[in-house]
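Heads up: the structure comes next, in structure tokens.
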Amino acid sequence: MRFRLALTLALLGLVGPATRAEPTMPARLVSALTWSLPDPDFGGWSGLEVSDDGREFTAISDRGTIISGTLERDGAGRLAGVDAGPVVPILHSDGGRLPRFYNDSEGLAIAPDGRVFISFEAVHRVVEYPGPGVTPTRTLPIYAPFRKMRNNASLEALAIGPDGSLYTVPEVSGRAGRPFPVYRFANGAWSHFAFIPRPDDFRIVGADIGPDNRFYLLERQFSGLFGFATRVRRFDITPTGLRFNETLFQSATGTHDNLEGLAVWRDADGHIRLTMVSDDNFNFFQRTEIVEYVVTE
């Protein structure tokens, strides 16, 4: 999600106050680092996937690019650096770069066989690729509710389940208090799968299905000059929807930058880890962060 207008308003002091952290959440911050590359296409990272061992990663930006690399770790498993390949374009069906309005890539999900699925805003759709940085195989059918979604506020989050089902959630739900719809693609068709409660003004920016087969949701609240607050909630997946809404952490405003991509995996100690990347909106006063929390139940 691009925030240039909102950030400009923030500098003018026109948007709201900070939020407070919850001190007794089950997830705790274990490491964070700032990441950069000398490449004009670097930035805007909005989707993230991490390998089962937490070493390899792939990220997409909201300017239609993709990058893969390795997360370097110290002896305690904390983030120590990033070794990444070049930033390459996500390709259009004609083999060229995605044109304007087609290139706002937001959600990323990678199947066990290496297929890559990407959700897009502006032209609201999910596209399948045989691998990173290659010509797409197909655009999935356009579900009727997608056509009514707002520009720059639609298919922000994308996740894939162990059975190959895809789940996507829009960034906004409509009027205040209205729950977020969750859509599922299975057996060649989309359906409405569940609703996610919306207790406040946090927006959805990322999702993943963890190795425990639970649905993890990354949310972000923007508070102007105070910065961003981040929250991750977790749900059980049932045949009829999602249940058991649990907040794993909610950061104080300004703790992190604009975290938008989420990957969930299990470390060598058996703990669930939440790895996140921030979208710097290509602004000099923001930064690209990779942040990691561990769920310490």
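The values are calculated or read from the model by the stated rules, or taken from the named source; none is laboratory data. Please read all numbers here as calculations on a predicted model, not as lab measurements. Here the Cβ positions follow ideal geometry from the backbone for every residue, glycine too, while neighbour counts run over all protein chains shown.
Among the acidic types (Asp, Glu), over 20 Å from Ala159 (Cα atoms), over 18 Å from the mean Cα position of the chain (by Cα) and not in a strand (DSSP E or B) - does that describe any residue in the stretch 73-81?
yes
Look through the stretch 163-176, keep the residues that are over 18 Å from the mean Cα position of the chain (by Cα) and under 26 Å from Asp201 (Cβ atoms), and return whichever of them is surrounded by the most Cβ atoms within 10 Å (Cβ to Cβ).
The extreme case among them is Gly174.
Here's the yes/no breakdown for (1) crowded, with 22+ Cβ neighbours inside 10 Å; (2) touching a Leu at 6+ places or on another chain (Cβ under 8 Å); (3) touching a residue at least 60 places away in the same chain (Cβ under 8 Å); (4) under 27 Å from Arg125 (Cβ atoms):
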| position | (1), (2), (3), (4) |
| --- | --- |
| Asp200 | no, no, no, no |
| Gly206 | yes, yes, yes, yes |
| Ile209 | no, no, no, yes |
| Ala268 | no, no, yes, no |
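Can you name the strands (runs of 3 or more DSSP E) wholly within the stretch 238-297 that have at least 2 residues being hydrophobic (A, V, I, L, M, F, W, C), in contact with a Ser or Thr (Cβ under 8 Å, 6 or more places away or on another chain) and at pLDDT 95 or above?
By residue number, 259-266, 272-278, 289-295.
Against the definition (under 18 Å from Leu158 (Cβ atoms) and among the polar types (S, T, N, Q)), how does Ser191 come out, yes or no?
The answer is yes for Ser191.
Can you tell me which residues in the stretch 110-162 are surrounded by fewer than 18 Cβ atoms within 10 Å (Cβ to Cβ) and among the basic types (Lys, Arg)?
Passing the criteria: Arg115, Arg138, Arg147, Lys148, Arg150.
Taking Glu219, is it within 12 Å of the chain's Cα centre (by Cα) and closer than 21 Å to Arg178 by Cβ? Walk me through it before giving the result.
Details: within 12 Å of the chain's Cα centre (by Cα): yes; closer than 21 Å to Arg178 by Cβ: yes.
Here the answer is yes, as Glu219 does meet what is asked.
Among (1) out of contact with any Lys or Arg (no Cβ under 9 Å at 6 or more places or on another chain); (2) in contact (Cβ under 8 Å) with a residue 60 or more places away in the chain; (3) more than 23 Å from Val205 (Cα to Cα); (4) of a type outside the set (D, E, K, R), which single condition is Gly77 missing?
If we test Gly77 against (1) out of contact with any Lys or Arg (no Cβ under 9 Å at 6 or more places or on another chain); (2) in contact (Cβ under 8 Å) with a residue 60 or more places away in the chain; (3) more than 23 Å from Val205 (Cα to Cα); (4) of a type outside the set (D, E, K, R), just (1) comes out false.
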